[in-house]
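The values are calculated or read from the model by the stated rules, or taken from the named source; none is laboratory data. Note that the structure is predicted; figures quoted are calculated from it, not measured. A quick note on method: Cβ atoms are made from the backbone with ideal geometry, for glycine too, and the neighbour counts reach across all protein chains shown. In case anyone asks, the SASA skips ligands and DNA or RNA and just uses the protein heavy atoms, side chains included. Shrake-Rupley method; radii C 1.70, N 1.55, O 1.52, S 1.80 Å.
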Amino acid sequence: MKHISANIVNVQDILFSKLSIPKYQRPYVWTTCNVEQLLEDIYNNWTNQRSKYRIGSIILHEMSDGNFEIVDGQQRLTTLLLIIKNLNIGNSINDNNLRFYHQSSVENINTNNKAIKKWITNKIDGDRDVFLKYLINCCEVVQIVVLDQYLSEAFQMFDSQNGKGKELEAYNLLKAYHIRAMKDCEYVKVACDQRWESSTNFESNDKVRNLLRQVINEHLYRSRIWSKGCDAWSFTKKHINEFKGINLEDRNPELSPMHNTLWLQVFYELFSEKGLQIKGLKSRLPGKEDKYPFCSVNQIIVNGKLFFDYIDNYIEIYKLLFLNLKTNNEQCLELKEFRDYYYGTCKNDETYWWRTGDTYLRELYKSLAILVFDMYGINGLLKYKSILYTLVYDVRLSFKIVKYSRVAQCPKDIFRIIANSTSISDLNYLRTKAMEVKNKLVSQGVPESPKGVSVVYNNIIAEE
(Lines give C-alpha, C1' and ligand atoms only; values in the text may rest on other atoms or scores of the structure.)
Protein backbone atom coordinates (compact mmCIF):
# COMPACT_ATOMS: atom_id res chain seq x y z
CA MET A 1 0.00 0.00 0.00
CA LYS A 2 1.49 3.31 -1.13
CA HIS A 3 -0.04 5.26 1.73
CA ILE A 4 1.75 3.11 4.36
CA SER A 5 5.51 2.64 4.56
CA ALA A 6 7.69 0.68 6.98
CA ASN A 7 11.43 1.16 7.41
CA ILE A 8 14.11 0.37 9.94
CA VAL A 9 15.71 3.61 11.12
CA ASN A 10 18.20 4.43 13.84
CA VAL A 11 17.31 6.50 16.87
CA GLN A 12 19.03 9.61 15.56
CA ASP A 13 16.94 9.65 12.37
CA ILE A 14 13.63 9.26 14.16
CA LEU A 15 14.23 11.63 17.08
CA PHE A 16 15.46 14.47 14.92
CA SER A 17 12.34 14.36 12.76
CA LYS A 18 9.59 16.93 13.33
CA LEU A 19 7.59 14.98 15.90
CA SER A 20 4.48 16.00 17.80
CA ILE A 21 2.02 14.36 20.17
CA PRO A 22 -1.64 14.74 19.11
CA LYS A 23 -4.03 16.03 21.77
CA TYR A 24 -6.05 12.81 21.83
CA GLN A 25 -3.07 10.80 23.07
CA ARG A 26 -3.02 9.45 26.61
CA PRO A 27 -0.43 10.91 29.04
CA TYR A 28 3.18 9.86 29.37
CA VAL A 29 2.81 7.15 32.01
CA TRP A 30 6.08 5.21 32.05
CA THR A 31 7.44 4.57 35.53
CA THR A 32 11.06 4.57 36.64
CA CYS A 33 10.98 0.77 36.33
CA ASN A 34 10.08 1.04 32.63
CA VAL A 35 12.82 3.62 32.09
CA GLU A 36 15.50 1.65 33.91
CA GLN A 37 14.56 -1.50 32.01
CA LEU A 38 15.04 0.30 28.69
CA LEU A 39 18.39 1.70 29.85
CA GLU A 40 19.56 -1.72 31.02
CA ASP A 41 18.56 -3.35 27.72
CA ILE A 42 20.52 -0.77 25.75
CA TYR A 43 23.46 -1.02 28.17
CA ASN A 44 23.61 -4.83 27.94
CA ASN A 45 23.62 -4.77 24.15
CA TRP A 46 26.31 -2.07 24.18
CA THR A 47 28.59 -3.93 26.60
CA ASN A 48 28.11 -7.13 24.60
CA GLN A 49 29.26 -5.20 21.51
CA ARG A 50 26.22 -6.02 19.43
CA SER A 51 26.27 -4.02 16.23
CA LYS A 52 22.51 -3.36 16.26
CA TYR A 53 19.77 -3.37 18.87
CA ARG A 54 16.14 -3.02 17.83
CA ILE A 55 14.11 -1.21 20.48
CA GLY A 56 10.66 -1.78 19.01
CA SER A 57 8.24 -0.21 16.57
CA ILE A 58 6.48 3.14 16.28
CA ILE A 59 3.56 4.38 14.20
CA LEU A 60 3.63 7.93 12.82
CA HIS A 61 0.97 9.93 11.02
CA GLU A 62 2.59 12.12 8.36
CA MET A 63 0.83 15.47 8.18
CA SER A 64 0.45 17.60 5.07
CA ASP A 65 2.97 20.13 6.49
CA GLY A 66 5.69 17.48 6.77
CA ASN A 67 5.40 17.03 10.55
CA PHE A 68 4.80 13.61 12.11
CA GLU A 69 2.21 12.91 14.79
CA ILE A 70 3.03 10.01 17.12
CA VAL A 71 0.16 7.52 17.00
CA ASP A 72 1.99 4.76 18.87
CA GLY A 73 5.36 4.91 20.62
CA GLN A 74 5.03 8.07 22.70
CA GLN A 75 6.27 6.39 25.88
CA ARG A 76 9.45 5.00 24.32
CA LEU A 77 10.25 8.09 22.22
CA THR A 78 9.78 10.49 25.12
CA THR A 79 12.07 8.37 27.27
CA LEU A 80 14.73 8.24 24.54
CA LEU A 81 14.65 12.02 24.28
CA LEU A 82 15.13 12.31 28.04
CA ILE A 83 18.11 9.96 27.90
CA ILE A 84 19.71 11.88 25.04
CA LYS A 85 19.16 15.18 26.81
CA ASN A 86 20.92 13.85 29.90
CA LEU A 87 23.80 12.60 27.78
CA ASN A 88 24.44 16.24 26.82
CA ILE A 89 23.71 16.09 23.12
CA GLY A 90 22.21 19.55 23.44
CA ASN A 91 18.75 18.63 22.22
CA SER A 92 15.73 19.07 24.46
CA ILE A 93 12.21 17.84 24.22
CA ASN A 94 10.99 21.30 23.25
CA ASP A 95 13.42 21.32 20.32
CA ASN A 96 11.56 18.31 19.00
CA ASN A 97 8.14 20.00 19.20
CA LEU A 98 6.84 17.55 21.79
CA ARG A 99 4.14 19.26 23.77
CA PHE A 100 2.41 17.39 26.59
CA TYR A 101 -1.25 18.10 27.35
CA HIS A 102 -1.57 16.36 30.71
CA GLN A 103 -0.15 17.50 34.03
CA SER A 104 0.58 13.87 34.90
CA SER A 105 2.88 13.68 31.86
CA VAL A 106 4.99 16.55 33.19
CA GLU A 107 5.16 14.97 36.63
CA ASN A 108 6.24 11.59 35.23
CA ILE A 109 8.82 13.26 32.99
CA ASN A 110 10.36 15.05 35.98
CA THR A 111 10.43 11.84 38.03
CA ASN A 112 11.96 9.78 35.22
CA ASN A 113 14.46 12.49 34.38
CA LYS A 114 15.89 12.23 37.91
CA ALA A 115 16.06 8.44 37.58
CA ILE A 116 17.93 8.74 34.28
CA LYS A 117 20.45 11.20 35.75
CA LYS A 118 21.11 8.81 38.63
CA TRP A 119 21.46 5.78 36.32
CA ILE A 120 23.93 7.58 34.05
CA THR A 121 26.05 8.72 37.00
CA ASN A 122 26.16 5.22 38.50
CA LYS A 123 26.64 3.24 35.29
CA ILE A 124 28.40 5.13 32.52
CA ASP A 125 29.55 8.45 33.89
CA GLY A 126 32.95 8.20 32.22
CA ASP A 127 31.63 6.74 28.96
CA ARG A 128 28.76 9.09 28.15
CA ASP A 129 29.97 9.94 24.66
CA VAL A 130 30.55 6.32 23.67
CA PHE A 131 27.18 5.22 25.08
CA LEU A 132 25.48 8.12 23.30
CA LYS A 133 26.98 7.17 19.95
CA TYR A 134 25.79 3.60 20.40
CA LEU A 135 22.29 4.78 21.33
CA ILE A 136 21.74 7.12 18.39
CA ASN A 137 23.59 5.15 15.71
CA CYS A 138 23.20 1.47 16.61
CA CYS A 139 19.81 1.37 18.32
CA GLU A 140 16.96 1.25 15.82
CA VAL A 141 13.19 1.07 15.54
CA VAL A 142 10.71 -0.11 12.95
CA GLN A 143 9.13 3.13 11.74
CA ILE A 144 5.66 2.80 10.23
CA VAL A 145 4.42 5.95 8.50
CA VAL A 146 0.81 6.50 7.42
CA LEU A 147 -0.02 9.42 5.12
CA ASP A 148 -2.26 12.27 6.24
CA GLN A 149 -5.58 11.23 4.68
CA TYR A 150 -5.30 7.67 5.98
CA LEU A 151 -5.37 8.36 9.73
CA SER A 152 -7.95 5.60 10.33
CA GLU A 153 -5.44 3.01 9.12
CA ALA A 154 -2.95 4.36 11.65
CA PHE A 155 -5.46 3.79 14.44
CA GLN A 156 -6.21 0.30 13.16
CA MET A 157 -2.51 -0.51 13.32
CA PHE A 158 -2.39 1.02 16.81
CA ASP A 159 -5.19 -1.34 17.91
CA SER A 160 -3.38 -4.31 16.39
CA GLN A 161 -0.01 -3.43 17.92
CA ASN A 162 -1.32 -2.78 21.41
CA GLY A 163 -3.79 -5.63 21.37
CA LYS A 164 -0.74 -7.90 21.55
CA GLY A 165 1.41 -5.77 23.83
CA LYS A 166 1.55 -5.10 27.53
CA GLU A 167 1.60 -1.32 27.77
CA LEU A 168 -2.07 -0.46 27.38
CA GLU A 169 -4.91 -1.74 29.48
CA ALA A 170 -7.94 -3.06 27.63
CA TYR A 171 -10.06 0.02 28.18
CA ASN A 172 -7.44 2.30 26.62
CA LEU A 173 -7.71 0.45 23.32
CA LEU A 174 -11.33 1.62 23.26
CA LYS A 175 -10.32 5.27 23.36
CA ALA A 176 -8.40 5.06 20.09
CA TYR A 177 -11.19 3.06 18.47
CA HIS A 178 -13.93 5.54 19.36
CA ILE A 179 -11.90 8.66 18.59
CA ARG A 180 -11.31 7.17 15.17
CA ALA A 181 -15.08 6.74 14.77
CA MET A 182 -15.77 10.41 15.56
CA LYS A 183 -16.79 12.72 12.74
CA ASP A 184 -16.65 15.72 15.06
CA CYS A 185 -14.18 18.58 14.88
CA GLU A 186 -10.82 18.43 16.65
CA TYR A 187 -11.83 20.29 19.82
CA VAL A 188 -14.63 17.76 20.48
CA LYS A 189 -12.12 14.91 20.22
CA VAL A 190 -9.80 16.73 22.61
CA ALA A 191 -12.65 17.28 25.08
CA CYS A 192 -13.52 13.57 25.00
CA ASP A 193 -9.88 12.66 25.53
CA GLN A 194 -9.56 15.04 28.47
CA ARG A 195 -12.67 13.60 30.14
CA TRP A 196 -11.30 10.11 29.60
CA GLU A 197 -7.85 10.83 31.01
CA SER A 198 -9.14 12.83 33.97
CA SER A 199 -11.11 9.75 35.01
CA THR A 200 -7.92 7.67 35.11
CA ASN A 201 -6.40 10.05 37.67
CA PHE A 202 -9.35 11.24 39.73
CA GLU A 203 -8.27 12.83 43.00
CA SER A 204 -10.53 12.66 46.05
CA ASN A 205 -9.85 12.66 49.77
CA ASP A 206 -6.09 12.70 49.17
CA LYS A 207 -6.31 9.58 47.00
CA VAL A 208 -5.85 9.15 43.26
CA ARG A 209 -8.33 6.70 41.77
CA ASN A 210 -8.55 5.20 38.30
CA LEU A 211 -12.32 5.48 37.97
CA LEU A 212 -12.17 4.49 34.31
CA ARG A 213 -10.72 1.08 35.12
CA GLN A 214 -13.11 0.69 38.04
CA VAL A 215 -16.29 1.52 36.13
CA ILE A 216 -15.53 -0.18 32.81
CA ASN A 217 -13.74 -3.28 34.05
CA GLU A 218 -15.60 -3.98 37.24
CA HIS A 219 -19.11 -2.65 36.67
CA LEU A 220 -20.15 -1.91 33.08
CA TYR A 221 -18.51 -4.91 31.42
CA ARG A 222 -19.50 -7.47 34.05
CA SER A 223 -23.02 -6.06 34.45
CA ARG A 224 -23.62 -6.31 30.70
CA ILE A 225 -22.42 -9.93 30.69
CA TRP A 226 -24.37 -10.94 33.80
CA SER A 227 -27.49 -9.30 32.36
CA LYS A 228 -27.23 -11.66 29.37
CA GLY A 229 -27.36 -14.60 31.74
CA CYS A 230 -23.66 -15.45 31.40
CA ASP A 231 -20.78 -15.79 33.86
CA ALA A 232 -18.78 -12.56 34.07
CA TRP A 233 -15.03 -12.88 34.47
CA SER A 234 -12.33 -10.21 34.29
CA PHE A 235 -12.38 -7.68 31.45
CA THR A 236 -9.39 -8.17 29.13
CA LYS A 237 -8.32 -7.11 25.65
CA LYS A 238 -10.14 -10.02 24.08
CA HIS A 239 -13.42 -8.63 25.42
CA ILE A 240 -13.25 -5.09 24.01
CA ASN A 241 -15.81 -5.92 21.31
CA GLU A 242 -18.43 -5.65 24.04
CA PHE A 243 -17.88 -1.88 23.80
CA LYS A 244 -17.56 -1.62 20.02
CA GLY A 245 -20.98 -0.81 18.65
CA ILE A 246 -22.73 0.72 15.72
CA ASN A 247 -22.06 3.86 13.70
CA LEU A 248 -25.10 6.10 13.89
CA GLU A 249 -25.04 7.53 10.37
CA ASP A 250 -27.81 8.13 7.85
CA ARG A 251 -26.36 5.84 5.22
CA ASN A 252 -25.20 3.01 7.46
CA PRO A 253 -26.79 -0.14 5.94
CA GLU A 254 -26.52 -1.92 9.30
CA LEU A 255 -29.08 0.40 10.89
CA SER A 256 -32.62 -0.93 11.32
CA PRO A 257 -35.80 0.20 13.14
CA MET A 258 -34.47 -1.27 16.38
CA HIS A 259 -31.80 1.46 16.39
CA ASN A 260 -34.25 4.38 16.14
CA THR A 261 -34.25 5.03 19.89
CA LEU A 262 -30.48 5.60 19.79
CA TRP A 263 -31.12 8.84 17.91
CA LEU A 264 -32.76 10.19 21.08
CA GLN A 265 -29.31 10.68 22.56
CA VAL A 266 -28.33 12.81 19.57
CA PHE A 267 -31.55 14.83 19.59
CA TYR A 268 -31.40 15.44 23.34
CA GLU A 269 -27.90 16.89 23.04
CA LEU A 270 -29.04 19.20 20.23
CA PHE A 271 -32.05 20.35 22.28
CA SER A 272 -29.86 20.96 25.34
CA GLU A 273 -27.40 23.07 23.32
CA LYS A 274 -30.31 25.28 22.25
CA GLY A 275 -31.67 25.55 25.79
CA LEU A 276 -34.74 23.43 25.02
CA GLN A 277 -36.24 20.90 27.43
CA ILE A 278 -38.28 17.75 26.92
CA LYS A 279 -41.21 17.60 29.33
CA GLY A 280 -42.06 14.35 31.06
CA LEU A 281 -38.54 12.94 31.34
CA LYS A 282 -37.97 11.18 34.66
CA SER A 283 -34.74 11.90 36.49
CA ARG A 284 -32.70 9.48 38.55
CA LEU A 285 -32.38 12.15 41.26
CA PRO A 286 -35.34 14.11 42.66
CA GLY A 287 -35.34 17.68 41.39
CA LYS A 288 -32.17 17.17 39.34
CA GLU A 289 -31.96 16.99 35.55
CA ASP A 290 -30.07 14.02 34.14
CA LYS A 291 -27.26 14.97 31.78
CA TYR A 292 -27.68 11.72 29.82
CA PRO A 293 -31.29 10.60 30.41
CA PHE A 294 -31.30 8.10 27.53
CA CYS A 295 -28.19 6.16 28.59
CA SER A 296 -28.64 2.68 30.03
CA VAL A 297 -26.09 0.13 31.22
CA ASN A 298 -27.16 -2.50 28.70
CA GLN A 299 -27.80 -0.23 25.73
CA ILE A 300 -26.43 -0.81 22.24
CA ILE A 301 -23.09 0.98 22.12
CA VAL A 302 -22.92 3.88 19.67
CA ASN A 303 -19.42 4.46 18.33
CA GLY A 304 -17.77 7.86 18.66
CA LYS A 305 -18.70 10.70 20.99
CA LEU A 306 -21.80 8.95 22.35
CA PHE A 307 -19.57 6.18 23.70
CA PHE A 308 -17.59 8.76 25.69
CA ASP A 309 -20.88 10.22 26.96
CA TYR A 310 -21.98 6.71 27.96
CA ILE A 311 -18.81 6.15 29.99
CA ASP A 312 -18.93 9.65 31.49
CA ASN A 313 -22.49 9.02 32.66
CA TYR A 314 -21.50 6.01 34.74
CA ILE A 315 -18.35 7.64 36.05
CA GLU A 316 -20.57 10.37 37.48
CA ILE A 317 -23.07 7.85 38.85
CA TYR A 318 -20.22 5.97 40.56
CA LYS A 319 -19.05 9.21 42.19
CA LEU A 320 -22.54 10.01 43.43
CA LEU A 321 -23.23 6.60 44.92
CA PHE A 322 -19.92 5.48 46.38
CA LEU A 323 -17.54 8.41 46.96
CA ASN A 324 -17.85 10.78 49.90
CA LEU A 325 -17.03 13.94 47.95
CA LYS A 326 -17.71 17.48 49.15
CA THR A 327 -19.92 18.07 46.11
CA ASN A 328 -21.88 14.92 46.95
CA ASN A 329 -22.64 16.28 50.39
CA GLU A 330 -24.53 19.07 48.69
CA GLN A 331 -26.69 16.57 46.76
CA CYS A 332 -30.11 15.27 47.82
CA LEU A 333 -30.75 13.60 51.16
CA GLU A 334 -31.71 10.37 49.44
CA LEU A 335 -28.18 10.01 48.08
CA LYS A 336 -26.72 10.56 51.53
CA GLU A 337 -29.06 7.93 52.93
CA PHE A 338 -27.78 5.37 50.44
CA ARG A 339 -24.11 6.22 50.97
CA ASP A 340 -24.56 6.00 54.76
CA TYR A 341 -26.06 2.54 54.28
CA TYR A 342 -23.26 1.44 51.94
CA TYR A 343 -20.48 2.58 54.29
CA GLY A 344 -22.30 1.17 57.32
CA THR A 345 -22.63 -2.31 55.81
CA CYS A 346 -20.31 -3.01 52.87
CA LYS A 347 -17.42 -0.96 54.29
CA ASN A 348 -17.97 -1.47 58.01
CA ASP A 349 -14.58 -2.19 59.63
CA GLU A 350 -16.18 -4.83 61.86
CA THR A 351 -16.95 -6.93 58.78
CA TYR A 352 -13.29 -7.07 57.67
CA TRP A 353 -14.37 -5.58 54.34
CA TRP A 354 -10.77 -5.38 53.03
CA ARG A 355 -10.43 -9.16 52.72
CA THR A 356 -10.20 -10.42 49.13
CA GLY A 357 -13.48 -12.34 49.18
CA ASP A 358 -15.35 -9.44 50.78
CA THR A 359 -13.94 -7.14 48.10
CA TYR A 360 -15.39 -9.39 45.39
CA LEU A 361 -18.81 -9.21 47.06
CA ARG A 362 -18.64 -5.46 47.58
CA GLU A 363 -17.89 -4.85 43.90
CA LEU A 364 -20.80 -7.13 43.00
CA TYR A 365 -23.10 -5.14 45.29
CA LYS A 366 -21.97 -1.90 43.68
CA SER A 367 -22.70 -3.27 40.21
CA LEU A 368 -26.23 -4.23 41.24
CA ALA A 369 -26.76 -0.84 42.90
CA ILE A 370 -25.65 0.98 39.73
CA LEU A 371 -28.04 -1.09 37.60
CA VAL A 372 -31.04 -0.47 39.88
CA PHE A 373 -30.21 3.24 40.16
CA ASP A 374 -29.81 3.42 36.39
CA MET A 375 -33.29 2.01 35.79
CA TYR A 376 -35.31 3.24 38.78
CA GLY A 377 -33.41 6.19 40.22
CA ILE A 378 -32.39 6.83 43.79
CA ASN A 379 -35.85 6.11 45.19
CA GLY A 380 -35.88 2.68 43.57
CA LEU A 381 -32.40 1.99 44.90
CA LEU A 382 -33.40 2.94 48.44
CA LYS A 383 -36.28 0.44 48.27
CA TYR A 384 -33.96 -2.37 47.25
CA LYS A 385 -30.62 -1.48 48.84
CA SER A 386 -30.99 -3.95 51.72
CA ILE A 387 -32.53 -6.65 49.50
CA LEU A 388 -29.49 -6.49 47.22
CA TYR A 389 -27.25 -6.66 50.29
CA THR A 390 -29.02 -9.77 51.54
CA LEU A 391 -28.79 -11.57 48.20
CA VAL A 392 -25.10 -10.71 47.76
CA TYR A 393 -23.81 -11.23 51.29
CA ASP A 394 -25.63 -14.53 51.74
CA VAL A 395 -22.56 -15.88 49.91
CA ARG A 396 -20.35 -14.52 52.72
CA LEU A 397 -22.41 -16.43 55.30
CA SER A 398 -22.61 -19.64 53.27
CA PHE A 399 -18.92 -20.13 52.51
CA LYS A 400 -15.80 -19.72 54.63
CA ILE A 401 -13.83 -18.71 51.53
CA VAL A 402 -15.37 -16.53 48.83
CA LYS A 403 -13.58 -17.22 45.56
CA TYR A 404 -13.61 -15.02 42.46
CA SER A 405 -15.05 -17.91 40.44
CA ARG A 406 -18.05 -18.18 42.72
CA VAL A 407 -18.84 -14.47 42.39
CA ALA A 408 -18.32 -14.60 38.61
CA GLN A 409 -20.95 -17.30 38.31
CA CYS A 410 -23.57 -16.66 40.99
CA PRO A 411 -25.47 -13.40 40.33
CA LYS A 412 -26.53 -13.70 36.67
CA ASP A 413 -30.17 -14.50 37.51
CA ILE A 414 -30.43 -11.40 39.71
CA PHE A 415 -29.00 -9.19 36.97
CA ARG A 416 -31.24 -10.71 34.34
CA ILE A 417 -34.36 -10.09 36.42
CA ILE A 418 -33.43 -6.43 36.92
CA ALA A 419 -32.32 -5.87 33.32
CA ASN A 420 -35.50 -7.42 31.87
CA SER A 421 -37.88 -5.65 34.25
CA THR A 422 -40.28 -3.04 32.87
CA SER A 423 -41.46 -1.64 36.21
CA ILE A 424 -40.12 -1.72 39.73
CA SER A 425 -42.88 -4.13 40.75
CA ASP A 426 -41.14 -6.72 38.55
CA LEU A 427 -38.40 -6.79 41.19
CA ASN A 428 -40.72 -8.23 43.87
CA TYR A 429 -39.25 -11.65 43.12
CA LEU A 430 -35.96 -10.39 44.55
CA ARG A 431 -37.77 -9.36 47.73
CA THR A 432 -39.18 -12.87 48.01
CA LYS A 433 -35.74 -14.43 47.52
CA ALA A 434 -34.25 -12.12 50.14
CA MET A 435 -36.94 -13.18 52.63
CA GLU A 436 -36.11 -16.83 51.96
CA VAL A 437 -32.46 -16.09 52.72
CA LYS A 438 -33.39 -14.31 55.93
CA ASN A 439 -35.61 -17.18 57.11
CA LYS A 440 -32.84 -19.67 56.33
CA LEU A 441 -30.35 -17.66 58.37
CA VAL A 442 -32.72 -17.35 61.32
CA SER A 443 -33.13 -21.13 61.42
CA GLN A 444 -29.38 -21.77 61.10
CA GLY A 445 -28.19 -19.17 63.58
CA VAL A 446 -25.00 -17.09 63.53
CA PRO A 447 -22.07 -18.73 61.68
CA GLU A 448 -18.94 -19.17 63.79
CA SER A 449 -16.46 -18.09 61.13
CA PRO A 450 -14.85 -16.27 59.44
CA LYS A 451 -14.18 -13.12 61.46
CA GLY A 452 -16.74 -10.36 61.12
CA VAL A 453 -19.40 -12.61 59.66
CA SER A 454 -21.66 -12.13 62.67
CA VAL A 455 -21.94 -8.44 61.79
CA VAL A 456 -23.03 -9.36 58.26
CA TYR A 457 -25.55 -11.78 59.77
CA ASN A 458 -26.98 -9.09 62.04
CA ASN A 459 -27.14 -6.61 59.16
CA ILE A 460 -29.34 -9.02 57.20
CA ILE A 461 -31.53 -10.15 60.12
CA ALA A 462 -32.13 -6.55 61.21
CA GLU A 463 -33.56 -5.59 57.81
CA GLU A 464 -37.33 -5.28 57.57
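List of remarks:
- Failed condition for residue 400, given (1) assigned to a helix (DSSP H, G or I); (2) farther than 29 Å from residue 290 by Cα: (1)
- Test for residue 413: is it without any contact (Cβ under 8 Å) to a residue 12 or more places away in the chain, open to solvent by 50 Å² or more (accessible area, probe 1.4 Å) and within 18 Å of residue 223 (Cβ to Cβ): no
- Yes/no for residue 223 being part of a loop (DSSP other than H, G, I, E, B) and at negative phi: no
- Flag for residue 8 being open to solvent by 10 Å² or more (accessible area, probe 1.4 Å) and of a type in the set (A, V, I, L, M): yes
- Within the stretch 403-424, the set of residues being of a type in the set (S, T, N, Q), assigned to a helix (DSSP H, G or I) and closer than 21 Å to residue 282 by Cβ comprises just one member, 420.
- Number of positions in the stretch 211-227 that are open to solvent by less than 10 Å² (accessible area, probe 1.4 Å) and either more than 10 Å from the chain's Cα centre (by Cα) or modelled with pLDDT under 95 (or both): 7
- Criterion applied to 418, 401 was being among the hydrophobic types (A, V, I, L, M, F, W, C) and open to solvent by 30 Å² or more (accessible area, probe 1.4 Å), and the one residue passing it is 401.
- Matching option when the condition is touching a residue at least 40 places away in the same chain (Cβ under 8 Å) and crowded, with 20+ Cβ neighbours inside 10 Å, among 392, 372: 372
- Residues of the stretch 49-69 classified as within 26 Å of the chain's Cα centre (by Cα) and over 11 Å from residue 145 (Cβ atoms), total: 2
- Residue in the stretch 253-262 that is closer than 19 Å to residue 188 by Cβ and either surrounded by 11 or more Cβ atoms within 10 Å (Cβ to Cβ) or hydrophobic (A, V, I, L, M, F, W, C) (or both) present: yes
- Residues of the stretch 421-464 classified as open to solvent by 70 Å² or more (accessible area, probe 1.4 Å), over 24 Å from residue 295 (Cα atoms) and either at pLDDT 80 or above or among the β-branched types (Val, Ile, Thr) (or both), total: 13
Residue by residue, here is whether (1) open to solvent by 60 Å² or more (accessible area, probe 1.4 Å); (2) at pLDDT 95 or above; (3) under 23 Å from the mean Cα position of the chain (by Cα); (4) of a type outside the set (A, V, I, L, M, F, W, C) holds:
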site: 264; (1), (2), (3), (4): yes, no, no, no
site: 274; (1), (2), (3), (4): yes, no, no, yes
site: 279; (1), (2), (3), (4): yes, no, no, yes
site: 286; (1), (2), (3), (4): no, no, no, yes
site: 324; (1), (2), (3), (4): yes, no, yes, yes
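- Here the stretch 348-365 is the region considered, the condition is being in a loop (DSSP other than H, G, I, E, B) and touching a helix residue (DSSP H, G or I) at 6+ places or on another chain (Cβ under 7 Å), and the residue that is least open to solvent (accessible area, probe 1.4 Å) is 348.
- Yes/no for residue 314 being hydroxyl-bearing (Ser, Thr, Tyr) and in a loop (DSSP other than H, G, I, E, B): no
- Residue pairs meeting the criteria (Cβ under 6 Å; at least 6 apart or on separate chains; first more than 23 Å from residue 382 (Cβ to Cβ), in the stretch 273-295; second open to solvent by less than 60 Å² (accessible area, probe 1.4 Å) and of a type outside the set (Phe, Trp, Tyr)): 294/265
- Matching entry among 368, 335 (being among the aliphatic types (A, V, I, L, M), out of contact with any strand residue (DSSP E or B) (no Cβ under 7 Å at 6 or more places or on another chain), at pLDDT 95 or above and assigned to a helix (DSSP H, G or I)): 368
- Scanning the stretch 11-61 for residues that are open to solvent by 60 Å² or more (accessible area, probe 1.4 Å) and in a strand (DSSP E or B) gives a single hit, 54.
- Residues of the stretch 119-128 that are loosely packed, with under 12 Cβ neighbours inside 10 Å and either at pLDDT 90 or above or of a type in the set (A, V, I, L, M) (or both): 121, 122.
- Here residue 174 fulfils each of the conditions (1) in contact with a helix residue (DSSP H, G or I) (Cβ under 6 Å, 6 or more places away or on another chain); (2) surrounded by fewer than 22 Cβ atoms within 10 Å (Cβ to Cβ) apart from (2).
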